[in-house]
Every structure is written in C-alpha cells, then in structure tokens.
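Please read the structure below before turning to the comments.
The values are calculated or read from the model by the stated rules, or taken from the named source; none is laboratory data. Given the structure is predicted, the values throughout are model-derived calculations rather than measurements. For neighbour counting, all protein chains shown are included, and Cβ atoms are generated from backbone atoms with ideal geometry for every residue, glycine included. We work out accessible area using only protein heavy atoms, side chains counted, and drop any ligands, DNA or RNA first. Shrake-Rupley method; radii C 1.70, N 1.55, O 1.52, S 1.80 Å.
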Amino acid sequence: MLASLFLLVVVLPVLIKFGADWLWFQSLGYQRVLVMRVLVGGLLGVGVAAIAFAVLDTNLRIALRGAVFDAQPVQLAPGSVDLTQLVRRLARPATLFMAVLLALSAAGMWLDVLRLIRQTPFGTTDPVFGRDVGYYVFTVPVVASALSLLTVLTTVSLAASLLIYALRRDVTIIRGHVTVERPARLHLAVLIATLFVLTAFRVHFVRIPGLLYSTTGPLVGASYADLHGGLFGLRLAALAAMVAAGLVLWGSRGARLAHATMLGAGLYLGVSLLGVTVYPAIVHRLVVSPNELSKETPQLARHIAATRQAWGLDSVVTRELTGEAGLTEQDIRANAATIDNVRLWDRDPLLQTFGQLQEIRTYYDFRSVDDDRYWIDGRYRQVMLSPRELNAASLPTRTFINERLTFTHGMGIALGPVNQVTSEGLPVLFIKDLPPVSNVSLKVTRPEIYFGELTNSWVFARTGQREFDYPSGDENVYASYEGDGGVRVGSLPKRLLFAAYFRSLKMLLSSDITSESRAMYFRNIHVRARKALPFLSFDDDPYLVIDDAGRLQWILDAYTHTTRYPYAQPVNRGGVNYMRNSVKVIIDAYDGSVTAYLADPTDPLVQTLSAVFPHIFRPLDEMPTDLRTHLRYPDALFKVQSDMYATYHMNDPETFYHREDQWQKPVLSGAASQDPFLRHIIMRLPGEEAAEFIFMVPFTPRGKDNLASWMVARNDGERYGQLVVYRLPKQSLVFGPTQIVNRINQDTEIARQISLWDQRGSEVIRGNLLVIPIEESLIYVQPIYLRAEGGRIPELKRVVVAYQNRVAMEETLEAGLSRLFGGTIQAAAATPAIAPPPRTGDGGVADLSARASELYQRAVAAQRAGDWSRYGEELARLGEVLRQLEAATKEE
C-alpha cells in the first residue's frame, strides 16, 4: 500500500514532468542539456546515496552490535531497558531518509562537477599562492561541497551512534564525569577523529584560499594582516586539528576518550582564536594601522589589477579632450547625424502614449520600449519600438477555448523615430496599427508574437478553433498557425502526458485538439532561455529586432559569472566579481526557436561550458548579418562596469587609497530612474568619421557637479564591445547636468511658461536631461511634455537646449539650436518620407474628414522640415479633399 502511494504521489509526477521536459528540449534540439542534468545529477545522487547509506548503516550496525572488534554480546546493567530492537527497526528507514536528503543535495552539484572535469585554465595566476584562477573558480567550490557532505555524514553518524550507546548505557554521565565503555570507545574515537581531519582539510583547502576574498583590510583580497597573520594562524589551526585527531585516537586506548576529545577541541579552538582572530588583529593594529598605505600598497596594486581584469576594464581605451573648443553653427551642421537622432522621447511617456494610441484592444499590452537602429530609406536612424503582446489576464471572457485555443498570440509592434513629433506633440510612427502598416522601407511580414515577455500561459495552436489574429473594425480576423513551434501533440500517449502535465481534463477531451496541434509551453522568453540554458544568467532587458525577412526576433544577452575571482571587487548583488557577456541568444517570436551564439569565445567560463555541452553554442560568425547588425552592449554589464570604472580608473595605489580622483555618475534629485544618464544614441565620436550607435554615460568628480569625463560602449561593426573614456582636462570647467538643471530652473522665460501651464491645470513632465557630445564639447537637451488635466497621453510641447551658460526653450530641437548658434538648423528630412500614403475609402464624410486631418498634419510636418515644395503639394491635396467634403456634406 505504501509503495503504491509512493509511486502515485512521488514517482509518477516526476515521470510526467520529465516526459514533458524531454519533448520540450527535443523540440529545441537541446536534449543534451536535459540528458546531462538528469544523467550526471542522477549518478551523483545515486553514488552519494549509496555511500551515505553504507556509512550510516555500517556505523549503526556497529553501534547496535556493541563492539568494533569484539563479537561477544554486551551484558546489560541490572535495571536497564533494552531498546535495541526498537532502534533496529527505526535505523534502516532513518538511514534511507538521510541518504536521500544527501543525494538530493549532491545531485544539485551536477554542473559544478562537470565544470570541474572539463575546466579551462584562465591563464592568470593569483599573486599569493601562484595557482591558476581556474583552480578557485572550478576546483575549490566542489572540494568545499564534498567536505560539507562528508562533515554532515560524519556528524550524523556520530550523533546516531552516540545516541545508541547512551541508550545502551555504554556512554554515561555520572556527577559530571563521562564514562565510555570499551565497545563504544574506539568507534566513537574514529568518528570524532574523522571530524577533526575534515576540519583540517576544510581549513587548508577552503579557508586558506578564502583569504583571497577577505574584506578585513582597505580592499577586497588578502591584506597585509591576512598574509602576515591570518595565513600563519590558519596553517597552525589546520595542524592543531590534525593533532586533535591524534589525541582522540590516543585517548581511545584507555579510559581517556572524553578528556582527549575536550583537550583536542580546546587546542583547535584556542589556536583558531589566537592565531586566526587575535594575532591578525594585533598585526593590523600595531603594524598596519600606523603605516597602512605603505604596508597595503602591494595588496592594493593586486586588487586594482584583478578588479580591472575581472570586469574587463583593463582594455578600456582612454582619450583626452581639450575641452576648449567652442561650438559653432558649422559644427552643428557637420554633426547632423547626431542632431537627427537626439532622443526626445523618454521611455515612460512614450510607453504611456503607445498604451493609449496603439493598444487597440484591452487585452493588448506594451510592456517596455527599446532603443535600436535601422537603415530606413537610406538613412541610419535611431528608433524606439515596443511589441504589442497579448495579455491573457485581460481577456473579457476567460474560458478554456479563449485562453488556450483562440487568443494565442500578440500582434506587431509600434515603431517610430526618437526625435520626431506630429503637430499635436505625439510621436511619429513608422510602423503602427493592426495589422502592422509601415510607411518606410522597414517592413514586418510575420507580426505574430507567440513567444514574448507576457506570454506566461500554455496554449495549443493549429487546432479546430480559429485563432484570433487582429481586430478589423467591428469584426475580427482569424488565422491558423503555420510554423513548427511547440511540440506536436501526435499520439494518444502524448496527449495523456500533456493532460496530466497541464492538469487539464478539458485538454484531453477537447475535439478541437488534434494530432497535428502544437503544444506551446514555457513561452515567456525569460523562462524559456533560462530553462534551455540553465548554466547562464540573463539580462533583464531583452529587445525585439526585425530581420530582413520581416520576422520578429528577440535578442537576449547572456552572462557567465563567478564569485571566485581572487582579489576582485564584487558587486553588492550576489557577490559576483567576474562577468562576461559571452553569449547572445536569439528567440524567434513566431516559432520559439532558441539559438545561442558565442559572443566572447576567449572567456574561460564559456569555453568550459562549450566543452561540457558541445554543439550548443554556435560561432558568432554564423549569426545572420541582419541580426548581428542589431547587437548592442548589454545594459546590466555596462552599468556595473561604469560604476566600477568611476573608482578603478585610478591605477596608482596611492591615488586609489586616497580616492583623490574618484568619479560618480551625475545625481539629480527627483530623477525617475536610477541611472537617468545612461543613453543609447547615434553620434559621431570625436576623431571618428562616421556616426555610430553607442551606449553612453557621463561622470562628474565625486561630490562635485562639473563634468569630468564620459564613457561609451561601441555597438557597431568590428568595434562592437569596445569601451572608450573621453576625459576632460581638470583645469577647465565644463558644466555638469546638475549645474545645467539649475540654469534651466533659473531661466525666467522657461519658469513663466511652466507656471502658466500649471495654472491651467495641465501636468508638466520634464524629460530626462540628455548629454550630447558634439566634437570636443557638449550640449544638453531636455524635452518638456504636457499632459492635460484628467488626460493620459503626454504630448511633447517644448525642447530645452543648453550650451555652456546659455539656455533656450523652443517648440523644436532645431529651433532651439538655431537660437543658440544662429543660422537655420534643418529638421530631420525624413518627415515627409514617413507620412502614410493617402487613404482610400468610401468617400463618406467621416473618411474625408480623416483624410483632411491627415493631409493637414503632413503639410505642417513638411513646413517644419523646410520642404516648401511638398508643403504646397499637401495644401493642394488638402484643398481638393475639402471641396469633396463640402460636396458630400451638401448631399447628405
């Protein structure tokens, strides 16, 4: 009965989950990942379970028998109770239970063991012990885990044996005196001595290497006190533990086991206290503190070098700027590619606008907005886009058919330039509406989104039910899935498996689900990537790309990392002190295929993973060119690197110790985001000939407001991943963001206009301040949004432009630049190109009114662009439509 219940409650659910997982991994071609996890984890679990069971069972048998080498039966003292039979009955189930717990713990080490076996050297040795960094990354964690398992096993064996001996009265305590009878003495001595030996091994193999991550000094890593005090103390402690083991074995020969154990424990604890705690503290107080800089200089140099290597800061290119060049109108014109791509739309206001104008139906959601760049109509343009995903939780009627068979996917994207607005202050859209309509050279031919960031539910495609595709007026358009995504339902056993896995009887009984239907689960791209590649961590900000064929592809940045790089500074989160963006993962939004490419083949961690999982990673050269041109430097890594570089650009230990030249990212009170100045932008870097897509952040001196430097991560072509820092001369004053914000707030014209808007009940939203490098100087740009009282759509109403001590606020960026630098700065000439073609309709009043409004907006856009020829054409068309409208009104 118990066996049947165990099979039903434990074994069957595990088999069902494994079956569903196997089909899912097989559909992606990643079976090896599941096989290695199950096979190696299973072997480890079974092996550890067998060893644990054997050790525990042997110790319990010895304790229950009552002697190690003496087979004579033990005579019970008068009046004692023989609990041996009861203990024997409980011993085997307890032993089995403990073995299973240890097996589960060991099975979770499958990846660590595989990485240990196939480890790749880092080619860098630690400065204290001279071992390759790979020893600390791959070997030490496994040794530490193995020692922990052995320590737990020995401790449990000792506790269980001691309990049995106490019940048998072989161990007694009378008036504070511990007496251990001969049958138990040697057995307990061996277990206690084993614990001391394991303790010595832990000190030698784990705690001594752990000095390389010490935080006792002014740095992360072994300090002077650690090397000249703590290291000596730990070696003495390891020796003391071995001596204690010998004392215990010596004490077992007579009636002195308890005294020998206490003596050994006292010896180890005393040496640990004096050698590991007290002595290093004395060294630090009497030797280091009076001369800390001179004593810690070698360790500081090691810490700086290790941190720069671990975080990839040793390859940062530094370029000096004069900071003396004044900008002119000619400089602005010469950097038209930068000006044409200044991002006037912040993500939050744009996301709100997309939500109000482009969600179309309540069950569509825009989760996030991403930056990217495309060649559009022959021009390199920076755009912002957001996928229109289906949120099943917002369906008006949540039935099995609706949630699982009909509403299966999102539809299309909203995409527009970062710097253009309509006459109403709304974003210009290159791609919009349902089905997606494009008015530029960029097209979407496969707009369905079956796999995204909001696809958290399982569905079935290609069923007897028509799938909702998109709304068209008062009617709906339906379609059928044409791809190979998901798992084919196929035979009845697979159908039964899915019904059990999804816990859905309706799935089993539904006549709409056929053998050709596709089961789609783990559709959320975050979950999908982590399940397919569990040995990687992923950036929280995936982004969507349109390939040349018009398909939507997700790009996820994947990281390899460790907490075991000697002397390197960790981030607060998780203690990670080494990270590489080693893998780029592509997930097709239509069929869910997962493809992993090696972005950094020099990384020892990913080299090790490649050896463990051959054929999982593809060379980056195999990535299609139309996707590779959209790779961008990952957000999370750049944030950490820029934070680190603010301190670790100081190479000199003395300068580093005094923090004489420490930087910080500008801090603005009331900023909506934690890092408001991290920006993607298309610009021409100083000294370069062509504009490129970069990720940028400025720095100010710590505690000051003037600008010290700015850092960029390059994203295009062969220079992808290169980090460059442009340093401003210390003797020149370049206004920083805080100073510019103060000047904007003090401008009477700007203050008066904002006050006027506030008095009318409108909400004024100040966008993020943009730092725009031009030549060797800087301009600042801040968009101003206005949201009507009770409204939900922010409108871009003004643009503030600042240069040095001059500030201007105008309706357009071009007007603001013209006011500051003189001349006429042309607006982006792409405005006419992105205007939609004239609509065709039934010629009714409503249709003609819409066409008239559209033509008016196009005329205004052409006027703002300075394209007077097209302005005249649009006015002529508008006049014709107005005449048709007048005639249609009279007829009605």
Given (1) surrounded by fewer than 19 Cβ atoms within 10 Å (Cβ to Cβ); (2) among the hydroxyl-bearing types (Ser, Thr, Tyr); (3) touching an Asp or Glu at 6+ places or on another chain (Cβ under 9 Å), index of the condition THR362 fails:
(3)
Which one is farthest from HIS177 (Cα to Cα) among residues in the range 246-259 that are touching a residue at least 40 places away in the same chain (Cβ under 8 Å) and open to solvent by less than 60 Å² (accessible area, probe 1.4 Å)?
GLY246
Identify all residues within the range 613-647 that are assigned to a strand (DSSP E or B) and open to solvent by 50 Å² or more (accessible area, probe 1.4 Å); write none if there are none.
ARG618, PRO619
Within the range 219-237, does at least one residue satisfy the condition of being among the aromatic types (Phe, Trp, Tyr), assigned to a helix (DSSP H, G or I), closer than 24 Å to PRO141 by Cβ and in contact (Cβ under 8 Å) with a residue 40 or more places away in the chain?
no
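Among the listed residues SER457, SER441, which satisfies the condition of being surrounded by 14 or more Cβ atoms within 10 Å (Cβ to Cβ) and either in contact (Cβ under 8 Å) with a residue 12 or more places away in the chain or part of a loop (DSSP other than H, G, I, E, B) (or both)? Steps first, answer last, please.
Numbers: SER441 fails: surrounded by 14 or more Cβ atoms within 10 Å (Cβ to Cβ).
Within the list SER457, SER441, the selection yields SER457.
Would you be able to tell me the number of residues in the range 582-612 that are of a type outside the set (D, E, K, R), under 22 Å from the mean Cα position of the chain (by Cα) and open to solvent by less than 20 Å² (accessible area, probe 1.4 Å)?
15
Got a sec? Which of ARG659, ARG752, ARG766 is open to solvent by 50 Å² or more (accessible area, probe 1.4 Å), free of Cβ contacts under 8 Å to residues at least 60 places away in the same chain and farther than 25 Å from ASN805 by Cα? Talk me through it step by step, then tell me what you get.
Working: ARG752 fails: farther than 25 Å from ASN805 by Cα; ARG766 fails: farther than 25 Å from ASN805 by Cα.
Sole residue among the options that is open to solvent by 50 Å² or more (accessible area, probe 1.4 Å), free of Cβ contacts under 8 Å to residues at least 60 places away in the same chain and farther than 25 Å from ASN805 by Cα: ARG659.
Mind checking which residues of the range 169-180 are in contact (Cβ under 8 Å) with a residue 12 or more places away in the chain and open to solvent by 30 Å² or more (accessible area, probe 1.4 Å)? Outline the logic, then answer.
Here is the first cut: in the range 169-180, the residues in contact (Cβ under 8 Å) with a residue 12 or more places away in the chain are 169-171, 178-180.
Within the range 169-180, ARG169, VAL178, THR179 meet the criteria.
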Could you grab the pairs with beta carbons closer than 6 Å, sequence gap of 6+ or different chains, first residue in the range 387-402 and of a type in the set (Lys, Arg), second one open to solvent by less than 20 Å² (accessible area, probe 1.4 Å) and assigned to a loop (DSSP other than H, G, I, E, B)?
ARG388/GLY412
Search result, residues across the range 114-133 that are touching a residue at least 60 places away in the same chain (Cβ under 8 Å), in a helix (DSSP H, G or I) and in contact with a helix residue (DSSP H, G or I) (Cβ under 6 Å, 6 or more places away or on another chain)
LEU114, ARG115
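Quick one: is ASP539 more than 17 Å from SER593 (Cβ to Cβ) and open to solvent by less than 20 Å² (accessible area, probe 1.4 Å)?
Details: more than 17 Å from SER593 (Cβ to Cβ): yes; open to solvent by less than 20 Å² (accessible area, probe 1.4 Å): yes.
Criteria met by ASP539.
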Return the only residue of ALA310, ALA305 being modelled with pLDDT of 95 or more, touching a Phe, Trp or Tyr at 6+ places or on another chain (Cβ under 9 Å) and crowded, with 21+ Cβ neighbours inside 10 Å.
ALA310
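Scan PRO436, PRO417, PRO447 and give me the residue that is more than 26 Å from the chain's Cα centre (by Cα), surrounded by 17 or more Cβ atoms within 10 Å (Cβ to Cβ) and within 18 Å of HIS630 (Cα to Cα). Can you show your working first?
Values: PRO436 fails: within 18 Å of HIS630 (Cα to Cα); PRO447 fails: within 18 Å of HIS630 (Cα to Cα).
Only one candidate qualifies: PRO417.
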Suppose we keep only residues that are of a type in the set (D, E, K, R) and open to solvent by less than 60 Å² (accessible area, probe 1.4 Å) within the range 713-740. Which one would you say is nearest to ALA808 (Cα to Cα)?
ARG727
Hey, could you check the range 250-282 for residues that are not in a helix (DSSP H, G or I) and not aliphatic (A, V, I, L, M) and say which is nearest to the chain's Cα centre (by Cα)?
SER252
So the check is Cβ under 7 Å with 6+ separation or different chains; which pairs have a first residue in the range 46-63 that's modelled with pLDDT under 95 and a second one that's of a type in the set (Lys, Arg)?
none
Given the criterion under 20 Å from GLU654 (Cβ atoms) and among the β-branched types (Val, Ile, Thr), identify the matching residue among ILE332, ILE304, ILE282, ILE339.
ILE304
